[in-house]
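This report refers to the structure that appears directly beneath it.
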Ligand code: SF4
């Protein structure tokens, strides 16, 4: 995950960026950073914590300029969570002096699957990495900056055209120099990057909600393998890879993106309702009420209720002062699950409850909620998940703690996974949406049809890029 935002051509660019990042806070809660530019100077501020707290009036006032880029961080590599000083150290945007461009700032959303291999090659040529504190602690963003520094083309666009084809994995980059702003989307478009326009200014953001939240106009997504360069208010488009159909992460539709965003021309909220309707068709059950595990299960639960005719009830209330549990560091995650939800006894007592969530990775949230529903008097609890079992992990920007601690094991039969989850959570029945059901909701047709395809590797095991650092580059 991570969220990136940039704006150029407007006064108070840092203020606009802080608001844009605020709209992207759901993509990363560990740290945030903004770099702005004015005249000859770059101004920077990075800190651990949430955007609203970090970028108060006085901090924003120090970040002068008509151009700024920023990031909200969810760490999949580098230092994690436990120390706010260390969080700030690894927060982005990252800056490097690169001749002849001067200072180059880079903000990254995604994960490079050959970063360690590239880093070893660069280390052999004498390059020293600032973010490497041990063998496992190194931030892939620095590898990209090192490669840009080592290339010889005279323009930044030219260097990126040389460097980007060397990178494997998923990435949306925003690069800023004193002259240019550049937005880049990986050759398969696994991570999203959107272009927006507000009066004379251009914006780049991980999601449309950040553009529209600023009352700006969403122009279009950056295409897979596309690089757009903004200079003196003019925009040019360049390609750096052979044109390929998009393989946008399907989990963006299911969980990552905010429901008020648009992806691939569709409302994320409406797609989630469609996932719930498919789920009701595939895994119906005789019950009295449908409840969501809020907030992520809300829209699928609504869809399930619409399709099944079982009334929707607010049986679980979410505490809004606790962030997204999935993107929290593991220690905080376990503590915050208990703080996050409470049961409305009057709504569930004596009822047979269909409990809907978008996905299940470790099963801890579902386990606690099922137990609490039963303590509150629910007669039966039937767990329904609006995506298939998360069996294969993700190497494109998900914390490895999630990958290693998932309940569903690779290639395990779905019926066996459901038995495990029943035993773990204490639910009376468990059912997942099928891969074809997920595709019908997102793309209108089953997976292996003529419809658009997505990255669905965490569900199917079919990774769309090489995983060089993990298995010698074989495509799985
Ligand atoms: S593996 Fe899953 S979470 Fe990762 S990019 Fe692909 S669909 Fe998204």
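Does residue 7 satisfy the criteria of being part of a strand (DSSP E or B) and at pLDDT 95 or above?
On the way: part of a strand (DSSP E or B): yes; at pLDDT 95 or above: yes.
So residue 7 fits the description; yes.
All told, residue 467 meets the bar of being within 12 Å of the ligand (Cβ to nearest atom), out of contact with any helix residue (DSSP H, G or I) (no Cβ under 7 Å at 6 or more places or on another chain) and either without any contact (Cβ under 8 Å) to a residue 12 or more places away in the chain or not assigned by TED's automatic domain parsing to the domain that holds residue 74 (or both).
Within segment 356-376, does at least one residue satisfy the condition of being more than 20 Å from the chain's Cα centre (by Cα), within 17 Å of residue 304 (Cα to Cα), in the same structural domain as residue 304 (by TED's automatic domain parsing) and modelled with pLDDT of 95 or more? Yes, segment 356-376 contains a residue that is more than 20 Å from the chain's Cα centre (by Cα), within 17 Å of residue 304 (Cα to Cα), in the same structural domain as residue 304 (by TED's automatic domain parsing) and modelled with pLDDT of 95 or more. So is residue 408 crowded, with 19+ Cβ neighbours inside 10 Å, away from the ligand (no atom under 16 Å from the Cβ) and in a loop (DSSP other than H, G, I, E, B) or not? When the stated conditions are applied, residue 408 does not pass them. Of the residues 195, 214, which is touching a strand residue (DSSP E or B) at 6+ places or on another chain (Cβ under 6 Å) and under 22 Å from residue 266 (Cβ atoms)? Sole residue among the options that is touching a strand residue (DSSP E or B) at 6+ places or on another chain (Cβ under 6 Å) and under 22 Å from residue 266 (Cβ atoms): 195.
Going through segment 264-276 one residue at a time, which ones are farther than 21 Å from residue 195 by Cβ and either surrounded by fewer than 20 Cβ atoms within 10 Å (Cβ to Cβ) or within 16 Å of the ligand (Cβ to nearest atom) (or both)? Show your work before the answer.
To start, the set of residues in segment 264-276 that are farther than 21 Å from residue 195 by Cβ comprises 269-276.
Residues satisfying the conditions are 269, 270, 271, 272, 275.
The listed residues are 261, 296, 257, and the only one of them that is within 16 Å of the ligand (Cβ to nearest atom) and at pLDDT below 95 turns out to be 296.
Please determine whether any residue of segment 384-393 is over 28 Å from residue 308 (Cα atoms), modelled with pLDDT under 95 and out of contact with any helix residue (DSSP H, G or I) (no Cβ under 6 Å at 6 or more places or on another chain). Don't jump to the end; show me each part of the working.
If we filter segment 384-393 for residues that are over 28 Å from residue 308 (Cα atoms), which is where we start, we get 392-393.
Checking the rest, the ones that are also modelled with pLDDT under 95 come to 392-393.
Applying the additional criterion that residues be out of contact with any helix residue (DSSP H, G or I) (no Cβ under 6 Å at 6 or more places or on another chain) yields none.
For segment 384-393, residues over 28 Å from residue 308 (Cα atoms), modelled with pLDDT under 95 and out of contact with any helix residue (DSSP H, G or I) (no Cβ under 6 Å at 6 or more places or on another chain): absent.
Look at (1) closer than 29 Å to residue 382 by Cβ; (2) crowded, with 17+ Cβ neighbours inside 10 Å and you find that residue 281 fails only one, number (2). Only residues that are touching a strand residue (DSSP E or B) at 6+ places or on another chain (Cβ under 9 Å) and surrounded by 18 or more Cβ atoms within 10 Å (Cβ to Cβ) were counted across segment 158-179, and they come to 14. When we screen 36, 64 for residues that are part of a loop (DSSP other than H, G, I, E, B) and at pLDDT 95 or above, the only hit is 64.
At least 2 residues being farther than 27 Å from residue 303 by Cα and at pLDDT below 90 is the threshold, and among the helices (runs of 4 or more DSSP H) wholly inside segment 434-475 those reaching it are 468-471.
Assess whether residue 214 counts as being in contact with a helix residue (DSSP H, G or I) (Cβ under 7 Å, 6 or more places away or on another chain), more than 15 Å from the ligand (Cβ to nearest atom) and not in a strand (DSSP E or B). Spell out the reasoning first.
On the way: in contact with a helix residue (DSSP H, G or I) (Cβ under 7 Å, 6 or more places away or on another chain): yes; more than 15 Å from the ligand (Cβ to nearest atom): yes; not in a strand (DSSP E or B): yes.
Judged against the criteria, residue 214 is a match.
So residue 430 ticks every box in (1) assigned to a loop (DSSP other than H, G, I, E, B); (2) touching a residue at least 12 places away in the same chain (Cβ under 8 Å); (3) touching a helix residue (DSSP H, G or I) at 6+ places or on another chain (Cβ under 8 Å) but one. Which box is left unticked? Unmet for residue 430, out of (1) assigned to a loop (DSSP other than H, G, I, E, B); (2) touching a residue at least 12 places away in the same chain (Cβ under 8 Å); (3) touching a helix residue (DSSP H, G or I) at 6+ places or on another chain (Cβ under 8 Å): (1).
Report yes if residue 355 is more than 16 Å from the ligand (Cβ to nearest atom) and buried (at least 18 other Cβ atoms within 10 Å of the Cβ), otherwise no.
Values: more than 16 Å from the ligand (Cβ to nearest atom): yes; buried (at least 18 other Cβ atoms within 10 Å of the Cβ): yes.
Considered against the rule, which asks whether it is more than 16 Å from the ligand (Cβ to nearest atom) and buried (at least 18 other Cβ atoms within 10 Å of the Cβ), residue 355 comes out as yes.
Matching residues to (1) away from the ligand (no atom under 16 Å from the Cβ); (2) assigned to a loop (DSSP other than H, G, I, E, B); (3) not assigned by TED's automatic domain parsing to the domain that holds residue 93:
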site: 148; (1), (2), (3): yes, no, no
site: 152; (1), (2), (3): yes, yes, no
site: 162; (1), (2), (3): yes, no, no
site: 165; (1), (2), (3): yes, no, no
site: 171; (1), (2), (3): no, no, no
site: 175; (1), (2), (3): yes, no, no
site: 182; (1), (2), (3): yes, no, no
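Could you please let me know if residue 423 is modelled with pLDDT of 95 or more and assigned to a loop (DSSP other than H, G, I, E, B)? When the stated conditions are applied, residue 423 does not pass them. Residues in segment 307-331 that are part of a loop (DSSP other than H, G, I, E, B) and at pLDDT below 95: 319, 320, 321, 322, 323, 324, 325, 326, 327, 328, 329. The single condition among (1) in contact with a helix residue (DSSP H, G or I) (Cβ under 6 Å, 6 or more places away or on another chain); (2) farther than 22 Å from residue 357 by Cα that residue 441 does not meet is (2). Residue 381 meets each of the listed conditions (1) over 21 Å from the mean Cα position of the chain (by Cα); (2) modelled with pLDDT of 95 or more; (3) within 12 Å of the ligand (Cβ to nearest atom) apart from (3). When residue 397 is tested against (1) surrounded by fewer than 16 Cβ atoms within 10 Å (Cβ to Cβ); (2) assigned to a loop (DSSP other than H, G, I, E, B), only condition (1) is not met. Quick one: in segment 233-254, of everything that is loosely packed, with under 15 Cβ neighbours inside 10 Å and assigned to a loop (DSSP other than H, G, I, E, B), which residue is farthest from the ligand (Cβ to nearest atom)? Looking at residues that are loosely packed, with under 15 Cβ neighbours inside 10 Å and assigned to a loop (DSSP other than H, G, I, E, B), I get 233.
The values are calculated or read from the model by the stated rules, or taken from the named source; none is laboratory data. Since the model is a prediction, treat every value here as computed from it, not as a measurement. Here the Cβ is made from the backbone with ideal geometry for all residues, glycine too, and neighbour counts use every protein chain on show.
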